Amino acid sequence: MTARRIGIVVALVVGGLVALNLLARGIDRAIGGSQPTGVAGSSYATRDDGIAAYAALLAHFGHEVTQQRGTLASTPPAPDSTLIVLEPQVMTTDDTAALLDFVTAGGRLVIGGQAPFYVKNLRDRAPAWDPAGRSAWLVDDPALPGVRSIETAAQGSWTSPGSGRVVVGDASRALVTLDRVAAGSIVFLADPSPLENAYLDHADNAAFGLDLAGGRPVVFGEGVHGFGRTRGVAAIPGAWKVALVLIGIAALAFVWSRARRFGPPDREARELPPARAEYVEALSLSLERTRDRAGALAPAQRFALDRIAARDALGATPDAAELARAARRIGCSDEEVAALVAPVATDAEVLAVGRAVSRVSAPAGARGGRTG
């Protein structure tokens, strides 16, 4: 393997890894709501029913804010924190058991949303939910010291507090109830819209959100919205990884087969042998150095005479007269004929031998007539 091929393969591998990480990061950000989309009740979501603004508000007022990903059963938060779970899409019995363990150990759980299917797994006497609600709620409870009024989208209420007590509303219709469970507490929120992006700046909704968090670190439950524990490349499904590896191998094989194309550019024209004039000049210099013209040109004379004899089928030992006649028939002059049959002595005879050799070497159709 050449150094150039090694460099190409390394560059492709590095580029592929970078592209893969960027792709995974883009997918993760897109799912997480980096645009005005996302999942209702998610702290990643910036759409109207997301709670990204609420997470930012808590961070602004000094709360440590984190996101819990994966199942609640596998990644429960610390019991000294407030866990906020709004509009959960997935809630297994293992998850609710983990939530009860979290609360029993001293955790504070704020949970709510429309059609809360999970409340019966959290309390034996669970609050009863109804889709009818109120758009405005008055508050006078020490559990929410900074709140006097709350504005909502009227998307639900509790018609019975169950085993808890009413914090916002009354026994017939409530927005918030509170259950004490061992060392911790559960805040049931019938309508989470006061904490959503569209309503957080209405009435005392922002103060309501701060009071719900208490003076604790805040953890937003994102596993209930489908967010896994892993991010980046690790978050890519296994089947996708296999497909990407196969694509990468195919790309490397293609590059390997085409790697010879990478290199210096092709020449504009193929290299040709030196011009005949240069060859003749070099030959003349060699002849001049020999100082033995007859000996140097004897092979050329024999070559020309053999070609002439073979052309006219003169046999192995033709006489000089037959050779002379045959030479004239192919266009050799008397001077050239004389130079072929006698030892060379002068420059003129050297040139005559050269012309004769050229004449007998040329194809039959390319031979010219006699020259003087």
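Along the Cα→Cβ direction, 7 angstrom out, place labels at R148 and V90. What is the inter-label distance in nm?
Each label point lies 7 Å from its Cα, and together they span 4.5 nm.
Peptides 201-211, 340-350, 309-319: what's the order by average Cβ count within 10 Å, highest mean first?
On the way: 201-211: 19.1, 340-350: 15.4, 309-319: 12.3.
So the order, starting with the most tightly packed, is 201-211, 340-350, 309-319.
Which of W129, W137, W256, W158 comes first, and how do the rest follow, when ranked by fewest Cβ neighbours within 10 Å? Can you show the working numbers first?
Details: W129 21, W137 24, W256 14, W158 30.
Least to most surrounded, the residues fall as W256, W129, W137, W158.
Stretched out fully, how many nm does the piece from S361 to A97 gain, at 0.36 nm a residue minus the Cα gap? Numbers along the way, then the final one.
On the way: separation 264, 0.36 × 264 = 95.04 nm, distance 10.47 nm.
Difference between extended and current length: 84.6 nm.
Over the range 40-225, what is the relative contact order in whole percent, taking alpha-carbon pairs under 8 Å and six or more residues apart?
Working: 463 pairs, mean separation 57.5, N = 186.
RCO, the range 40-225: 31 percent.
Would you kindly state how much longer the chain becomes between A321 and A298 on full extension, computed as 0.36 nm times their sequence separation minus their alpha carbon distance, in nm to one decimal?
Numbers: separation 23, 0.36 × 23 = 8.28 nm, distance 1.89 nm.
Answer, rounded to one decimal: 6.4 nm.
Counting only residues 5 or more places away or on other chains, whose amide H sits under 5 Å from the amide H of V168 once H atoms are built in the peptide plane?
L175, V176
By count of other Cβ within 10 Å, fewest leading, how are L252, L122, L72 ordered?
Numbers: L252 15, L122 22, L72 25.
By the 10 Å Cβ count, ascending, the order reads L252, L122, L72.
What is the antiparallel percent of DSSP beta bridges lying wholly in the range 40-225, to the nearest 5? Each step should come with its number before you reach the end.
Values: 17 of 34 bridges.
Taking every DSSP beta bridge within the range 40-225, about 50 percent pair in antiparallel fashion.
No value in this document is a laboratory result; all are computed from the given coordinates. Keep in mind the model is a prediction, meaning the values are calculated, not measured. Here Cβ is always computed from backbone atoms with ideal geometry, including for glycine, and neighbour counts include all displayed protein chains.
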